[in-house]
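Colleague: For reference, the structure I am asking about is given below.
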Amino acid sequence: MKRFIPILFLIFLLVSPAWGDVAQTDNGFAVYRLNKDMKTVEFTVTADGAGNVAIFTFLKPQEIYGYYLLSVEMSSATDDAFVTLIYSSAGSTLFTHTTTAATTGEIQNADDRWPIYSALKIDVTGLTATEVATITVTFVR
């Protein structure tokens, strides 16, 4: 029995899908001393060997309640084309953009201004295997 549990655990790890990683810098949002009505959050997105990235829910969403999504800046050292999606917990899309020049960085403004009232989610698709992208999202009041 003692050998059975570790073997079962190893089988589970091999069968379960490997997802890329999304890390939110500082586990929260940056506030600027000279502009209290603006907050940013930075994500480091790392794709797995197949180019997959798990959907990530923003940490500490209550810090941006009442704010609006202003812009998203996307960059990657070697991958120009990938898609960044930001949507609400209810599934409404707040932002979507396909980059064409991410190696030099792209910034795109959100089309609409809706106040944030629930946790947001970020999804990145189309990354090359093991590629790393940096995404900075800016919110304003």
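The values are calculated or read from the model by the stated rules, or taken from the named source; none is laboratory data. Remember, it's a predicted structure, so these values are computed and weren't measured experimentally. Here the Cβ positions follow ideal geometry from the backbone for every residue, glycine too, while neighbour counts run over all protein chains shown.
Colleague: Looking only at residues that are more than 13 Å from the chain's Cα centre (by Cα) and assigned to a loop (DSSP other than H, G, I, E, B) in region 127-141, which one is surrounded by the most Cβ atoms within 10 Å (Cβ to Cβ)?
Modeller: By that ranking, first place goes to Glu131.
Colleague: Could you pull out every one of the strands (runs of 3 or more DSSP E) wholly within region 27-86 that has 1 or more residues that are acidic (Asp, Glu)?
Modeller: 35-46, 68-76
Colleague: If you take the residues in region 19-60 that are touching a residue at least 60 places away in the same chain (Cβ under 8 Å) and more than 21 Å from Ala77 (Cβ to Cβ), which one is farthest from the chain's Cα centre (by Cα)?
Modeller: Asp37
Colleague: For residues that are touching a Ser or Thr at 6+ places or on another chain (Cβ under 8 Å), surrounded by fewer than 17 Cβ atoms within 10 Å (Cβ to Cβ) and part of a strand (DSSP E or B), tally how many sit in region 99-122.
Modeller: Qualifying residue count for the region: 3.
Colleague: With the requirement that a residue be in contact with a helix residue (DSSP H, G or I) (Cβ under 9 Å, 6 or more places away or on another chain) and exposed (fewer than 15 other Cβ atoms within 10 Å of the Cβ), what does region 29-54 give you?
Modeller: Of everything in region 29-54, those that are in contact with a helix residue (DSSP H, G or I) (Cβ under 9 Å, 6 or more places away or on another chain) and exposed (fewer than 15 other Cβ atoms within 10 Å of the Cβ) turn out to be Val31, Thr44.
Colleague: If you go through region 95-126, how many residues are over 13 Å from the mean Cα position of the chain (by Cα) and under 12 Å from Leu69 (Cα atoms)?
Modeller: So the count comes out to 10.
Colleague: Out of Asp37, Asp21, which single residue is modelled with pLDDT of 90 or more and among the acidic types (Asp, Glu)?
Modeller: On the way: Asp21 fails: modelled with pLDDT of 90 or more.
Answer to the selection: Asp37.
Colleague: Another question, then. Taking region 44-90 on its own, how many of its residues are over 18 Å from Thr125 (Cβ atoms), β-branched (Val, Ile, Thr) and touching a Ser or Thr at 6+ places or on another chain (Cβ under 7 Å)?
Modeller: Total satisfying the criteria: 0.
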